[in-house]
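> Starting off with a structure, shown below.
What follows is calculated from the coordinates using simple rules that are stated; it is not laboratory data. Note that the structure is a prediction, hence the values are computed from the model and not measured. As a convention, Cβ positions derive from the backbone with ideal geometry for all residues, glycine included, and neighbour counts pool all protein chains shown.
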Amino acid sequence: MILEQLPLARQVEIVFKQVRDELSLMSSGSVFIQIRNNVIGKFGVRHLPMESKGGVISKQEFGLTEAHYIAFKQMAIDSLKYKNSWTHGEILFDFAVKKSALYASVQFESNYNLASLAKSV
């Protein structure tokens, strides 16, 4: 498979398929993808495996359900409509399940290199 030929949305689908089992064990966290030339390179999951409530630390006992996973993946794919004109950077998809409802957000980070811009100026 040649990643350069796949649309970014399809690459995001592949990322979510790869981290699906991990997400099923998490009730909150972030999926990150690093992009270079519109190709996903490094990706992964960030999360805190323990939570504290009322001073008592406990392990998370549940993760994303199938419905949560599908909605989260679709939100990630749909968010690509808001990525404009940059080809290098990172996208961070945050999520949390509270009272059985999924809350999710997206953050874009674009990266530029002044040395490469200086050649075209």
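> Among the residues of region 23-48, which ones are surrounded by fewer than 14 Cβ atoms within 10 Å (Cβ to Cβ) and more than 9 Å from the chain's Cα centre (by Cα)?
Matches in region 23-48: 36, 37, 41, 42, 46, 48.
> Looking at (1) in contact with a strand residue (DSSP E or B) (Cβ under 7 Å, 6 or more places away or on another chain); (2) among the basic types (Lys, Arg); (3) closer than 14 Å to residue 104 by Cβ, which is the one condition that is false for residue 73?
Just one mismatch for residue 73, condition (1).
> Could you pull out the residue among 53, 42, 83 that is among the basic types (Lys, Arg), more than 24 Å from residue 98 (Cβ to Cβ) and without any contact (Cβ under 8 Å) to a residue 12 or more places away in the chain?
42
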